[in-house]
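Notes follow the structure.
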Amino acid sequence: MVRDLAPSSGDAGFLVVRRIPSPSALLWLIDMQASAAALKRHPIVAQRWLTRSDHRRLKRIRDHAEKARRAATYVALRIMIAALLGKRHARAPMVRPLGGKPRLAGVPISFNLTHSGDFGLIGVGRRGKLGVDLEEVRDSLPMALKHRARIVEAARAIGSDRVLVPERDRDVLQAWTRLEAFSKATGRGINRTLADFGIRKQGNARLHTQGDTVAARARSQMPRYVVRDLRLPPRVIAALVRDV
């Protein structure tokens, strides 16, 4: 069980954050646009939390608005880790091994960040692997039905009991978040995950509809992982994947 952390406490009160209930991870949904505006009004908060490694990562982002949104997400992550392990661990440099996921050097914790539109989702756990993915709901989702069907088929095989249908845009987005979260938890990346599940040919950017059943391939990958759809505001859809 991850200890609760009220987003309104301390410096977290300067961020526009909502805690998502979960027994296995600490999850914060952050309004990056509103939080970035708040940090602009109170720059001392960002100065207290952002590290040199954060500033190096932010320096690579040329768009100023996107840089401010991402900075708000980094501040939220640091505050979450400080609440769980103490501020010393929260100041650890962020590193990214070749071909691996970002991590905090020497910190015994797993985390994952994702963002879509104005929203970001942060997941933090004390043990094991985790992955989160978030998609902001769009006005339309242009995708051929056969491609939708294979994505939904894989998501059904690895996901919860909730029924998804390929004709519904929201269901396709929910299916996609399951696959993305799985790819992040395992560290495989989305391209390899799609190939492993039989949705995309290895090394081919086009989705295909031949070969073994998608569901069978997806189930064979899942014994060590649990997928959970997250309850979020109507504008966003997300999933969490944890190892067991």
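Read-outs throughout are calculated quantities, based only on the coordinates presented, and are distinct from any laboratory measurement. The model shown is predicted, which means the values in this text are computed figures rather than measured ones. Neighbour counts run over all protein chains shown; Cβ positions are idealised from the backbone, glycine included.
Odds and ends about this structure:
- Dipole magnitude for the chain: computed about the Cα centre from +1 point charges on Lys and Arg Cβ and -1 point charges on Asp and Glu Cβ, it is near 960 debye.
- Among ARG56, ARG188, ARG69, residue whose mean-square fluctuation peaks in a GNM of the chain (springs only between Cα atoms under 10 Å): ARG56
- Binned Cα-Cα distance frequencies in the range 130-177 - 5 Å width, integer %: 5, 23, 33, 24, 12, 3, 0
- In summary, the aspartates and glutamates within cross-link reach of LYS146, defined as a Cα separation below 16 angstrom excluding same-chain residues under 8 places away, comprise GLU167, ASP169, ASP171, ASP212.
- The range 65-135 and the range 154-197 have Cα centres spaced 22 Å apart.
- Put in order of Cβ neighbour count within 10 Å, fewest first, the listed residues MET80, MET143 become MET143, MET80.
- For the range 10-127, alpha-carbon Rg and Dmax in angstrom: 13.3, 38
- Against the chain, whose longest principal axis is taken from its Cα atoms, helix 145-158 shows a tilt of about 70°.
- Average projected area [Cα convex hull, the chain], square nanometres: 13.3 nm²
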